[in-house]
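Note sheet for the following structure.
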Amino acid sequence: MSTRATTIERLAPRGRATPAEEATTTWHDQRGRLHDALPEAARRSFVAHPVNHRPRGRAAGGPAAAARSRPAAPSAQSAADEDAEQARLDQDPALLCANLALCVVEILAGARALDQIGRWVTDSVFVHLLRRTVIAARSRAVSAQEAMRPRFSIGTPLLTHPAEGVVEAVVMVHQASRSRAIALRLERHRARWRATAISVL
């Protein structure tokens, strides 16, 4: 499950921006401000973590690595196909929850760059996951463990709708040694869903 490309991974920013995106501050600028807001010790640990500084196409678990583990795709995918796939992710909360759960597990394991899910999470969730990533990286450094892509399977998301424009979900992640739950809260933002809370239990 973890070795194949996710919808989020295939739709990670590739240099093509819409007019609305060009008129606003880029996500990398936002990430810089969030990074600067962290304590000094956390910033040093984040800088030392190589996954956060590799080019997106070469990051562990990025599009290039995923492409090697699946049948070769056409050399150039039409913009219309990409837009349709992105619209499906933005409109389907169950699909988004499953993809976010998969990505979060790989991010905490050091096998995926946090920036890849920036479009689908709020700033507060990004900072929360950044801190968890720093803590996990420190733990691996203390035990002299390398970042590796974990093997796991994702269960079917269980969704509830506590209010209009709000979805709360639980996704089970099954690994060989244990299973754990990831709780997510999605809220409608303009024409798409964004995660306003993610907790790994």
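Read the figures in this text as sums done on the coordinates, not as results from a lab. The shown structure was predicted, so the numbers you read here are calculated from the model rather than taken from an experiment.
Miscellaneous remarks
- In sequence order, calculated HN-Hα J values of the range 81-97 (Karplus, 6.51, -1.76, 1.60; Hz; x Gly/Pro): 5, 5, 5, 5, 5, 5, 5, 5, 5, 5, 9, 10, x, 5, 5, 5, 4
- In the range 68-199, Cα pairs under 8 Å separated by at least six residues give a relative contact order of 23 percent.
- Overall form of the range 122-179 per C-alpha gyration tensor (a/c, 1.5; a/b vs b/c): oblate
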